[in-house]
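Take this structure, written in structure tokens, and hold onto it; I'll ask about it next.
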Amino acid sequence: MENCNEDYRIQSFDVDTQKLLKTALKDPSSVNLEKVSNILVNQSLKDHLFSKEAGRICYTIVQAEAKQNNGTVFRRHLLNRLQQEFKEREETRKRSLQGWVCYVTFICNIFDYLKVNNMPMVALVLPVYDCLMRLAQPDALLNEEEVDCLVLQLHRIGEQLEKVNSQRMDELFFLLRDGFLLQEGLTSMARLLLLEVLEFRAGGWMLSSTAHKYYYSEIAD
């Protein structure tokens, strides 16, 4: 079933790129993996749906390369490119809020999927935290799109992140609590999302069924 999904996500590319990516998924050593990583990152930065799925494609290539020749070429190129985009994150945010949200979604997706010995990749922990801290700043909390992105990522990887660095998670949640309590100009949806994520962490990264019903019926309304 997963392959169907990967194929489906790849359909948005031209025929030659589709062929390149399909080969990379099965026989990574036969293609230019730097080119493959650039294609996946570039698409993720402009296509929000793809940024949510790309982690799985990257994971499949990493696994295939490890099995084939114990290689890490693709992972190295991917991390280099993520680091380059990370350095330019403030410019990206100024230029395109959507591009910035796509970047955060993508790097969190990669953090979620790519593990070393079943542990999150150390190289990604601080950049991911820095991105989430940026989304928790007062100017970002005024943008519903950024608040929504922040809450989605915390639902997805918050528990994993806290296990590797609980101090940074405390700092992040101080910002969120202060934002919720003190910040003026928040939309009612942003306020609701912040309250939900504060409760979500307080409950051990779970929501009670009552709380779930409350928040999600409110959001649906």
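For Val116 and Ser188, what does the FRET efficiency come to when R0 = 35 Å and r is the distance between their Cβ atoms, rounded to the nearest 0.05?
0.25
What's the extension gain from Ser96 to Ala211 if we count 0.36 nm per residue and subtract their Cα-Cα distance?
38.0 nm
What percent do you get for the relative contact order of the range 13-116 when only Cα pairs under 8 Å and 6+ apart count?
35
Magnitude of the Cβ-charge dipole of the chain, K/R +1 and D/E -1, about the Cα centre, nearest 20 debye?
Working: 26 positive and 31 negative charges, 157 e Å.
The calculation lands at about 760 debye.
Another one. If you line up the long axis of helix 122-135 against the longest principal axis of the chain, both from Cα atoms, how many degrees apart are they, to the nearest 10?
With both axes taken from Cα atoms, the answer is about 40 degrees.
Given Cβ point charges of +1 (Lys, Arg) and -1 (Asp, Glu) and nothing else, what value in debye, to the nearest 20, does the dipole of the range 28-147 about its Cα centre take?
Working: 15 positive and 14 negative charges, 88 e Å.
Dipole size: approximately 420 debye.
Against the longest principal axis of the chain, how steep is helix 48-69, in degrees 0 to 90 to the nearest 10, with axes from Cα atoms?
40
Given the DSSP H assignment, sum -39500 (n - 2.57) over each helix run of at least 4 residues in the chain and divide by its residue total; what's the result at 222 nm in deg cm²/dmol, nearest 500?
The per-residue figure over the chain is -26000 deg cm²/dmol.
Please list, by residue number, everything in the range 87-114 whose backbone N is under 14 Å from a paramagnetic label point 7 Å out along Cα→Cβ of Ser12.
Output list for this probe position: 98-103, 105-106.
With a 1.4 Å probe and all protein chains left in place, how much of the accessible area of the chain comes from carbon and sulfur atoms, in whole percent?
51
Moving to a separate point now. Which FRET efficiency value, to the nearest 0.05, is calculated for Glu88 and His155 with the Förster distance at 22 angstrom and r the Cβ-Cβ distance?
0.25
Hey, which of these cross-link pairs are over 32 Å Cα-Cα: Lys87/Lys163; Lys87/Lys213; Lys22/Lys46? Mind dumping the intermediate values first?
Working: Lys87/Lys163 25 Å; Lys87/Lys213 40 Å; Lys22/Lys46 21 Å.
Over 32 Å apart, Cα to Cα: Lys87/Lys213.
For Leu49 and Met133 in one chain, what is 0.36 nm times their gap in residues minus the Cα-Cα distance, to one decimal in nm?
27.9 nm
Using a probe radius of 1.4 Å on heavy atoms only, what accessible surface per residue do you get for the chain? Whole Å² is fine.
Solvent-accessible surface per residue comes out at 52 Å².
Just one of (1) 82, 41, 34; (2) 49, 41, 31; (3) 55, 34, 34 is Cα extents along the principal axes in Å calculated from these coordinates, so which is it?
Derived directly from the coordinates: (3).
Additional query: Under 18 Å Cα to Cα from Lys52, which aspartates and glutamates show up? Leave out anything in the same chain fewer than 8 places away.
Answer for Lys52, where 18 Å is the Cα cut-off: Glu2, Glu6, Asp7, Glu85, Asp112, Glu145, Glu146, Asp148, listed by chain and number.
I would also like to ask the following. Between Leu126 and Asn70, what is 0.36 nm times their sequence separation minus the Cα-Cα distance? Round to one decimal in nm.
17.5 nm
So how far apart, in nm, are the two label points at Arg81 and Leu198 if each is 7 Å from Cα heading toward Cβ?
Placing both labels 7 Å along Cα→Cβ, they lie 3.9 nm apart.
Could you work out how far helix 15-26 tilts from the main Cα principal axis of the chain, as a 0 to 90 degree angle to the nearest 10?
Value to nearest ten degrees: 90.
Please work out how much accessible surface Ser188 shows to a 1.4 Å probe, ignoring ligands, DNA and RNA, in Å² rounded to 10.
We get 100 Å² for Ser188.
Under a plain spin-label model, where a point goes 7 Å from the Cα along Cα-to-Cβ, how far apart in nm are Lys163 and Leu181?
About 3.0 nm, to one decimal.
The values are calculated or read from the model by the stated rules, or taken from the named source; none is laboratory data. Keep in mind that what you see is a predicted model, and the values were worked out from it rather than measured. Note that we place each Cβ from the backbone using ideal geometry, even for glycine, and neighbour counts take in every protein chain shown. For the accessible areas, the whole protein counts, side chains as well, though only heavy atoms, and no ligand, DNA or RNA atoms are used. Shrake-Rupley method; radii C 1.70, N 1.55, O 1.52, S 1.80 Å.
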